[in-house]
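Reading through the structure tokens given below for one structure.
The values are calculated or read from the model by the stated rules, or taken from the named source; none is laboratory data. Every value quoted in this text rests on a predicted model; they were computed, and no experiment measured them. Positions of Cβ are generated from backbone atoms using ideal geometry, with glycine treated the same way; all protein chains shown enter the neighbour counts. What goes into the accessible areas is simple: the full protein's heavy atoms, side chains included, and nothing from ligands, DNA or RNA. Shrake-Rupley method; radii C 1.70, N 1.55, O 1.52, S 1.80 Å.
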Amino acid sequence: IQVVYNGFDFDDEVLQRHRAGRTAYRQRHGISAEVLLVGTVMRLSEEKRPLLWLEIAAAVHRHLPDVRFLMAGDGNLRSEVQQRADCDDLRGVVSLVGYERQALDAIAALDLFLLTSRAEGLPNVLVEAQALGIPIITTDVGGASETVCHGVSGWVLDKDEIGDAAAQVVRLLQDTEWRCQAGLEAHRFVSEKFGVGRMLDDTLDVYGACFGDFK
């Protein structure tokens with residue numbers, strides 16, 4: 001079986017427009033331009049585990065009190081998520097922005113993108129984050145590990161336990177040099193692996209193997 005990965009149209013002008021709005025997006029949600037911001041875009045439903053995400057955020061906050069967190073999305077766990085974010089250990093440090101029509105604006109405002117799903121196909125949001133130059137951390141679920149160059153453009157967690165995940169988030173937040181380099185590598189990696197041109201070439205290769213050369 002030959003896998004043909006999704007193809008994305010990585011328009012550099014569009015991506016730069018989202019990056020340029022980073023400070024304005026933060027200001028709109030009361031987040032300083034200087035603080036480190038960990039975030040996600042997800043459906044607030046059980047398989048995405050937003051409550052686990054918040055527990056990891058709380059553990060990170062205990063180690064790095066100045067870090068802020070942003071969660072964009074809506075779903076049937078919204079009330080539970082709000083209740084957890086209002087607890088003493090997270091109050092005032094988590095921005096729940098709800099459904100975000102311009103999800104790439106939210107992603108571009110981040111320093112680190114964290115995905116905590118227990119079930120996924122191939123998460124397009126991880127590709128989109130890296131295209132914007134945002135390093136990612138993800139649970140090893142479905143095709144998530146296939147979207148990242150582990151240790152180079154992001155990090156795939158060995159375990160999805162709160163302490164282990166939080167420790168990894170803290171380590172990467174404290175490594176400014178790695179994050180800067182990872183952002184550059186992330187864009188390059190996904191452009192090569194998930195670009196439209198590569199998808200078309202791979203598709204033609206599949207048809208060519210079965211029916212003859214189409215090129």
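A few remarks follow.
- The amide H of S95, built 1.01 Å from its N in the peptide plane, has F69, L70, M71 as neighbours under 5 Å, considering only residues 5 or more places off or on other chains.
- Protection-proxy order for peptides 188-197, 110-119, each taking the mean of Cβ atoms within 10 Å per residue, highest first: 110-119, 188-197
- Distance in nm between pseudo-label sites at D140 and R28 (7 Å out along the Cβ direction from Cα): 3.8 nm
- With the highest mean first, a sort of the peptides 90-97, 11-18 on other beta-carbon atoms found within 10 angstrom per residue produces 90-97, 11-18.
- Kirkwood Rh, Cα atoms: Rg over Rh of segment 1-124: 0.99
- In the chain, the longest principal axis of the Cα atoms and the axis of helix 176-194 are about 30 degrees apart.
- Tilt relative to the chain, helix 50-63 - C-alpha long axis, 0 to 90 degrees, to 10: 60 degrees
- Cut-off 15 Å between beta-carbons: net charge of the residues surrounding G121, Lys and Arg +1, Asp and Glu -1: -2
- Karplus-derived 3J(HN,Hα), 6.51/-1.76/1.60, for each residue of segment 161-171, Hz, glycine and proline x: 7, 4, x, 5, 5, 4, 4, 5, 4, 4, 4
- Once divided by 2.2 N^0.38 Å, the Cα radius of gyration of segment 66-215 becomes 1.21.
- Cβ crowding within 10 Å averaged over residues, with 50-56, 176-182 ranked highest first: 50-56, 176-182
- Solvent-accessible area per residue for the chain (1.4 angstrom probe, square angstrom): 49 Å²
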